[in-house]
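Can you read through this structure? Questions will come right after.
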Amino acid sequence: MKVPVTPRVCAVCSRQTRGFGWFNPKLPRSHPKRADSYRKFCSLRCQGAYSNLMKKTGGKMIDPTEMEIAAMTDCLDPLGDYVAALGLDTPLAGYSRDQVLGLIEVVVTTYQDRMVAGHEAQAGVPF
Ligand SMILES: [Zn+2]
């Protein structure tokens, strides 16, 4: 029996999973694609957002590339604000470790928030 590869990152926001899951309930237990439909999530919020989206779209995923591009674009302003606060004349190589970690936190947090919000907006129903 083929064991499906299940990533340990949330299917919505890419955080580490924490025991929340989803599979396509419309596929019979013996259907070979049922295991492939299984997704893991970091939280009840992400699980609900994904589940609501699947209900709304009939199990078809929206174009994640478009949503990811929008989420990345939304990171530009917070990133610019962070860099400006450190001083625009400081090159990235001049950042301290904590400053680089702060930059990463600003971008990753914004990206994850926008991805969750994007999924929730697609589903149209907060839970
Ligand atoms: Zn998540």
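Here, each number is a calculation from the coordinates, and none is a lab measurement. Small disclaimer: the values here were computed from a predicted structure and weren't measured. Because the Cβ atoms are built from the backbone with ideal geometry, glycine has one as well, and the counts that use them run over all protein chains shown.
Using only Cα atoms and rounding to the nearest 10 degrees, what angle (0 to 90) does helix 64-74 make with the longest principal axis of the chain?
20
Amide H neighbours of TRP22 under 5 Å, at least 5 residues apart or on other chains, H built in the peptide plane: list them.
Close amide H contacts, sequence-distant or interchain: ARG39.
So what's the chain giving for Rg/Rh, alpha carbon basis, Kirkwood Rh from the mean inverse pair distance?
So for the chain, dividing Rg by the Kirkwood Rh gives 1.09.
Let me ask another. When only C-alpha pairs under 8 Å and at least 6 residues apart count, what is the relative contact order of the chain, in percent?
Over the chain, the number comes to 30 percent.
I'd like to know which of PHE23, LEU103, LEU86 lies farthest towards the positive end of the charge dipole of the chain, counting +1 on Cβ of Lys and Arg and -1 on Cβ of Asp and Glu.
PHE23
Which value in deg cm²/dmol, rounded to the nearest 500, describes the helix-derived mean residue ellipticity at 222 nm for the chain, given -39,500 (n - 2.57) per DSSP H run of n ≥ 4 and division by the residue count?
Computed mean residue ellipticity for the chain: -17000 deg cm²/dmol.
Once amide H atoms are placed 1.01 Å from N in the peptide plane, what residues at a sequence separation of 5 or more from THR17, or on another chain, have their amide H within under 5 Å of its amide H?
VAL9, CYS10
Which ³J(HN,Hα) values, rounded to whole Hz and listed in residue order, are derived for segment 18-27 from phi using the Karplus coefficients 6.51, -1.76 and 1.60 in 6.51 cos²θ - 1.76 cosθ + 1.60 with θ = phi - 60°, glycine and proline given as x?
After applying 6.51 cos²θ - 1.76 cosθ + 1.60, I find 9, x, 9, x, 7, 9, 6, x, 7, 8 Hz.
Using θ = phi - 60° and the Karplus curve 6.51 cos²θ - 1.76 cosθ + 1.60, what whole-Hz ³J(HN,Hα) does each residue of segment 109-120 get, with Gly and Pro shown as x?
Running phi through 6.51 cos²θ - 1.76 cosθ + 1.60 with θ = phi - 60° gives 4, 4, 4, 5, 4, 5, 5, 5, 4, x, 5, 5 Hz.
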